[in-house]
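The values are calculated or read from the model by the stated rules, or taken from the named source; none is laboratory data. Please read these numbers as outputs of a predicted model, since none were measured by experiment. Here the Cβ is made from the backbone with ideal geometry for all residues, glycine too, and neighbour counts use every protein chain on show. Only protein heavy atoms, including side chains, enter the accessible area calculation; ligands, DNA and RNA are left aside. Shrake-Rupley method; radii C 1.70, N 1.55, O 1.52, S 1.80 Å.
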Amino acid sequence: QAVEAVRRHVPEATVGAGTLLCAADVQRALDAGAQFGVTPGLVPDLAQAAVRLQLPLLPGVWTASEVMQAMAWGFEALKLFPANGPQGADQIEHLQGVFPRARFCPTGGIKPEHIPRYLALRSCPTVGGSWVTPQALVAARDYGGITALARQAAGFAAARAA
């Protein structure tokens, strides 16, 4: 419902769906209007459905074997999950030498102070995280606080682009 609502009310936005766990989730995401999907990992039925239905996918990986499998299915934009804060930057640094075409979006345990290190890596063009919408602010409907965190996130992106 959230994907449908955003697509309807903010048509210029690019809207993704997650957490996709199986082939049926891929179909539901497409039916809702999602333009891409995000997964915590990648299994054959999920990968095959995304390829067959032409839904761009950001599949979760952590190991070299998982990166190899994702790339064999045609995915080069990958979610490093769980990044576990700063440890994920070390993992990306090791993986980027072996997989120069791979691009990583780390998520899971990311805090604002970790972001500059990630964005300094050539294969890490973006960082994801729920730190922008912490449960306490959502529960309190503190949209001003969420907006401030979103502006902070946008500032990281602007700094990388500069």
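When the helices of the chain are scored as -39500 (n - 2.57) per DSSP H run of n ≥ 4 and the total is divided over every residue, the value at 222 nm lands at -14000 deg cm²/dmol. Other residues with beta-carbon under 15 Å from the beta-carbon of A70 carry, at +1 per Lys or Arg and -1 per Asp or Glu, a net charge of 0. To the nearest 10, the accessible area of H94 is 130 Å² with a 1.4 Å probe. Dividing the convex hull volume of the alpha carbon atoms of segment 1-85 by its residue count gives 98 Å³ per residue. Overall, segment 1-135 carries a charge dipole of about 180 debye about its Cα centre when +1 sits on the Cβ of Lys and Arg and -1 on the Cβ of Asp and Glu, all other atoms neutral. For the pair R151 and Q1, a Förster radius of 41 Å applied to the C-beta separation gives a FRET efficiency near 0.95, rounded to the nearest 0.05. Note on segment 54-117: Rg/Rh from C-alpha atoms, Kirkwood Rh, equals 0.97. Each residue of segment 58-64 was assigned a 3J(HN,Hα) from its phi angle through the Karplus expression (A = 6.51, B = -1.76, C = 1.60, θ = phi - 60°), giving 10, x, x, 9, 9, 9, 4 Hz with x at Gly and Pro. A simple rule links phi to the HN-Hα coupling: the Karplus curve 6.51 cos²θ - 1.76 cosθ + 1.60 with θ = phi - 60°, which for segment 34-43 gives 4, 9, 7, x, 10, 10, x, x, 9, 10 Hz, with x for Gly and Pro. The reciprocal of the average 1/r between distinct C-alpha atoms defines the Kirkwood hydrodynamic radius, which for segment 11-56 equals 10.3 Å. Once you reduce segment 100-114 and segment 20-72 to the center of their Cα atoms, the two points are 18 Å from each other. Subtracting the Cα-Cα distance of L21 and A120 from their residue separation scaled by 0.36 nm leaves 32.6 nm. Considering the chain, its Cα convex hull presents a mean projected area of 9.9 nm².
Taken over segment 95-162, the alpha-carbon convex hull comes to 83 cubic angstrom per residue.
Measuring only protein heavy atoms, the 1.4 Å probe finds W62 accessible over about 70 Å². Residues in the chain average 55 Å² of solvent-accessible surface per residue, probe 1.4 Å, ligands and nucleic acids excluded. Here segment 1-117 exposes an accessible surface that is 56 percent carbon and sulfur, computed with a 1.4 Å probe and the other protein chains kept in place.
Once backbone amide H atoms are built at 1.01 Å from N, K79 has G60, V61, C105 as its partners under 5 Å, excluding neighbours fewer than 5 places away on the same chain.
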